[in-house]
Amino acid sequence: MSARAGGAAVLLFLLVWISGAWFLQFPGNANVVSRMALAVGLATRGTAAIDPFADLTIDKARLGDHTYSDKAPGMAFMATPVVALASGVLTALGRSTDLVEDGRLTWRFHWLTFLCTVLTSGLLTALAAAALFRVARDLGGGHGAVMAVLAYAVASPVLGWSGAFFGHAAAAALLFLGFARVRDLTAGGRPSPARAAGAGFLLAWAVVVEFPAAPAAAVIAVYGLVRGLRRVRRGLPAALAAAVAGGAVAAVPLFVYNTLVFGGPLNLGYQHVVGFEGMHEGFLGLTAPDPWVLVEILVLPYRGLLWLAPALLLAPWGLARLWRRGTGGRAEAAVIAAVAAYFLAFNAAYHYWDGGWSTGPRHVTPMIPFLALALAPLWRGAVAQGALAALVLAGAAVSVVCAGTSMTVSIDYPFPLADPLIPQFLAGDLRFSPAVLALVPLQRWAALLPLAALWAVGLALVWRLAPGGGAAATPSEGKRNQEGETGMSQGDVATLAGGCFWCLEAVYLDLKGITKVVSGYMGGAMDDPDYRSVCGGHTGHAEVVQVTFDPAVISYAQILDVFFTIHDPTQLNRQGNDVGTQYRSAIFTHSDAQRAEAEAAVQRAAGLWGGAIVTEVTDAVTFWPAEDYHQDYYANNPNQPYCMFVVAPKVAKARSEFTALLKS
């Protein structure tokens, strides 16, 4: 990532982390107490029993003479060192460490919950926001990536859940961080075993935090395997072994905990839950998905997600755009759709589908960063940009209301947003974190002003850093931003990949109407790549030429016909003896009109070559010009062996078959 893009990612990380820390959901919630009690027991008494907190939570399991948390233990495991450190500091200072007095939670418990939340849910959400920015830049450009981050971390219930010691926001972040790591590993080249182990750990730890994350983690793992088989030439078995090892490392604490507490590695606290009889239906409360529940958790006011995150209304549109990009986005669209479909089906099949005391359908929270990723490609065209900006702004306002009042509204309210949340917010009855109460000398709505100021300044800086992924915008990017999707406004720039760029450059420089040809790189995961790293297969880029032309002299369709004549579009990730993903066949389109032309050209090429065409048709992303010595390479090095035996025959073929297009 370039310095500018890295700066934008860091700013977004800080803004999201601070935003999550600005609010704290009620520490006395039964779900929170159950998880915190386990962390306190492990850190201070060396036991998993939560007996001192048994009367303060209804979320518990009973086994023998002791009470235990019924929750997945991942959040408590992460909080244990925080609790141990805080208790040690209080003891060293001679202060009381009592968290319960006279049957009530003390202020120390509130502060401790805040610290644990900020360093788990809050921190992971901020890291996922930075990862989302990086992935979304590849799929939708810099400003599209910023909008995706806002839709995820600010304009959805994630803002409130990142300030709660629940597992939802943390599981969402871990799944997306694992997805981003898997995507990077399989971009091309030899994957790092250490990074692969990290990806396996992240996906497995998401399950340790929230058991329902397991199928989603499996979807991401399958995505990585398929993508690796297609793109990675060396080191895939070692990476797979490392990923499995990383997952095993994450699973060990869970299996040990389950065995010591519940009698077996796969025995769960939910099997011994107290007072929730619905958990004994089907498999731990899961039966067949109920279509009406699906309507409830999406659109109806009681638990409808779209009331709280309206930008997600546009996710299907974004998914369609990703799918149309072919291999440059279709796999990601499939993962997004599969993850979202799973969590919706899970929630619709769960006996306690409404989440009890909950603002919105909390069980689907882990799908939100994935759906937000689908919004990045929408930042193109005035209509799409206007709709996305308006819905993100509306979602941000709703999220501030919810995070500032309560993410755990009673089941007694049929439309929680309308009553009690908005009236409570308008009355100034807001809940801020202990840190804000201690450090910000403002009350009620005024305490939101410093946060708003941070976002105003920070977002302005991020917006300046984000375009083009941190590089100067290419001619095509500049026109796309100005003119959107209409007509052939991008028709004066074509970006093509078909083997070594020396060949394509030499051919197109011969044609009339071509005003400029620049060799470079596109479609990879690394900013500012160099020739050595691209040729090593380490970046995922393709060697491309960016051709500037006069459409009044030569059409885009003619340029594509030449393209399909001078290279073999039936060879996957190679051209002759040039082997690797950097030599793949691809058309990077700059508008919907270009995409339509490209797809028609692929059909013509199928008839010409009589075989399956493997050419990718995908949206153009950041173009990185190659080193100076690659420009005009054939003209400057006609006697170089590669030029004599590979480039020259292609130039001769083009001159023979496209005589009418040659410059006089």
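Residue count for the range 216-251 under the criterion of being free of Cβ contacts under 8 Å to residues at least 40 places away in the same chain and of a type in the set (A, V, I, L, M): the result is 5.
Applying a threshold of 6 Å to beta carbon distances and a minimum spacing of six or more residues, or different chains, the list of pairs starting in the range 255-280 at a residue that is within 12 Å of residue 72 (Cα to Cα) and ending at one that is part of a loop (DSSP other than H, G, I, E, B) and open to solvent by 60 Å² or more (accessible area, probe 1.4 Å) reads 255/265; 258/265.
Can you pull out the residues in the range 65-76 that are in contact with a strand residue (DSSP E or B) (Cβ under 7 Å, 6 or more places away or on another chain) and in a loop (DSSP other than H, G, I, E, B)? Within the range 65-76, just 70 meets the criteria.
Just one residue in the set 62, 4, 45 is out of contact with any strand residue (DSSP E or B) (no Cβ under 8 Å at 6 or more places or on another chain) and farther than 24 Å from residue 128 by Cα; that residue is 45. Look at residue 189 and say whether it is in contact with a Pro (Cβ under 6 Å, 6 or more places away or on another chain), over 22 Å from residue 398 (Cα atoms), buried (at least 24 other Cβ atoms within 10 Å of the Cβ) and modelled with pLDDT under 95. The answer is no for residue 189. Looking across the range 237-267, the residues that are open to solvent by less than 30 Å² (accessible area, probe 1.4 Å) and either in contact with a strand residue (DSSP E or B) (Cβ under 8 Å, 6 or more places away or on another chain) or within 30 Å of residue 54 (Cβ to Cβ) (or both) come down to 250, 251, 254, 257, 258, 261, 262, 264. Criterion first (in contact (Cβ under 8 Å) with a residue 60 or more places away in the chain and closer than 30 Å to residue 87 by Cα) does residue 144 satisfy it? No: the conditions fail for residue 144. Just need a number here: residues in the range 48-107 that are under 16 Å from residue 166 (Cα atoms) and either among the aromatic types (Phe, Trp, Tyr) or in contact with an Asp or Glu (Cβ under 6 Å, 6 or more places away or on another chain) (or both). Qualifying residue count for the region: 5.
In the range 208-218, the qualifying residues are those that are among the hydrophobic types (A, V, I, L, M, F, W, C) and surrounded by 21 or more Cβ atoms within 10 Å (Cβ to Cβ), and the one that is farthest from the chain's Cα centre (by Cα) is 208.
So, in the range 141-157, of the ones that are assigned to a helix (DSSP H, G or I) and open to solvent by 10 Å² or more (accessible area, probe 1.4 Å), which residue ends up farthest from residue 12 (Cα to Cα)? Per the criteria, the residue is 141.
Considering the range 531-548 alone, what residues qualify as being of a type in the set (A, V, I, L, M, F, W, C) and open to solvent by 10 Å² or more (accessible area, probe 1.4 Å)? Before you say what the answer is, go through the steps one by one.
Within the range 531-548, the first condition is being of a type in the set (A, V, I, L, M, F, W, C), and the residues that meet it are 534-535, 542, 544-545, 547.
Result: 535, single match.
The C-beta contact set for the range 621-642 (first residue more than 19 Å from residue 582 (Cα to Cα), second residue assigned to a helix (DSSP H, G or I), distance under 6 angstrom, 6+ apart or interchain) comprises 634/502; 634/506; 634/643; 634/647; 637/643. The number of residues in the range 564-594 being part of a strand (DSSP E or B), farther than 26 Å from residue 492 by Cβ and of a type outside the set (A, V, I, L, M, F, W, C) comes to 3.
Give me a count of the residues in the range 378-391 that are open to solvent by 10 Å² or more (accessible area, probe 1.4 Å) and part of a helix (DSSP H, G or I). The qualifying residues number 8.
Considering (1) of a type in the set (A, V, I, L, M); (2) part of a strand (DSSP E or B); (3) buried (at least 24 other Cβ atoms within 10 Å of the Cβ), the lone condition that residue 39 does not fulfil carries the number (2). Scanning the range 109-133 for residues that are open to solvent by 30 Å² or more (accessible area, probe 1.4 Å) and free of Cβ contacts under 8 Å to residues at least 60 places away in the same chain yields 115, 119.
For the range 341-376, how many residues are within 15 Å of the chain's Cα centre (by Cα) and open to solvent by 10 Å² or more (accessible area, probe 1.4 Å)?
Restricting attention to the range 341-376, the residues satisfying the condition of being within 15 Å of the chain's Cα centre (by Cα) are 365-376.
Pick out the ones that are also open to solvent by 10 Å² or more (accessible area, probe 1.4 Å) and you get 371.
Selection size over the range 341-376: 1.
Restricting the range 504-525 to residues that are free of Cβ contacts under 8 Å to residues at least 40 places away in the same chain and open to solvent by 20 Å² or more (accessible area, probe 1.4 Å), the residue that is nearest to the chain's Cα centre (by Cα) is 516.
Of the residues making up the range 56-80, those that are open to solvent by 60 Å² or more (accessible area, probe 1.4 Å) and of a type in the set (Ser, Thr, Tyr) number 0. Among the conditions (1) surrounded by 23 or more Cβ atoms within 10 Å (Cβ to Cβ); (2) over 36 Å from the mean Cα position of the chain (by Cα), the only one that residue 91 does not satisfy is (1).
The numbered conditions (1) outside any loop (DSSP other than H, G, I, E, B); (2) surrounded by 12 or more Cβ atoms within 10 Å (Cβ to Cβ); (3) not hydroxyl-bearing (Ser, Thr, Tyr) are all true for residue 660 except (2). Residue check: is residue 83 β-branched (Val, Ile, Thr), surrounded by 15 or more Cβ atoms within 10 Å (Cβ to Cβ), closer than 30 Å to residue 285 by Cα and out of contact with any strand residue (DSSP E or B) (no Cβ under 6 Å at 6 or more places or on another chain)? So residue 83 does not fit the description; no.
Identify all residues within the range 611-633 that are open to solvent by 60 Å² or more (accessible area, probe 1.4 Å) and assigned to a helix (DSSP H, G or I); write none if there are none. Please lay out each step first, then the result.
First, pick out the residues of the range 611-633 that are open to solvent by 60 Å² or more (accessible area, probe 1.4 Å): 612, 625, 628-629, 632.
628, 629 - these are the residues of the range 611-633 that are open to solvent by 60 Å² or more (accessible area, probe 1.4 Å) and assigned to a helix (DSSP H, G or I).
Residue 326 meets all of the listed conditions (1) open to solvent by less than 60 Å² (accessible area, probe 1.4 Å); (2) at pLDDT below 95; (3) over 24 Å from the mean Cα position of the chain (by Cα) but one, namely (3).
The single condition from (1) under 22 Å from residue 316 (Cβ atoms); (2) among the hydrophobic types (A, V, I, L, M, F, W, C); (3) touching a residue at least 12 places away in the same chain (Cβ under 8 Å) that residue 422 fails is (1). Condition check for residue 53 on (1) touching a residue at least 12 places away in the same chain (Cβ under 8 Å); (2) open to solvent by 10 Å² or more (accessible area, probe 1.4 Å); (3) over 34 Å from the mean Cα position of the chain (by Cα): one failure, at (2). Scanning the range 269-295 for residues that are on the phi < 0 side of the Ramachandran plot and either basic (Lys, Arg) or open to solvent by less than 30 Å² (accessible area, probe 1.4 Å) (or both) yields a count of 5.
The values are calculated or read from the model by the stated rules, or taken from the named source; none is laboratory data. Predicted model, so just to flag it, every value in this text is computed and none were measured. Note that we place each Cβ from the backbone using ideal geometry, even for glycine, and neighbour counts take in every protein chain shown. With ligands, DNA and RNA removed, areas are computed over all heavy atoms of the protein, side chains included. Shrake-Rupley method; radii C 1.70, N 1.55, O 1.52, S 1.80 Å.
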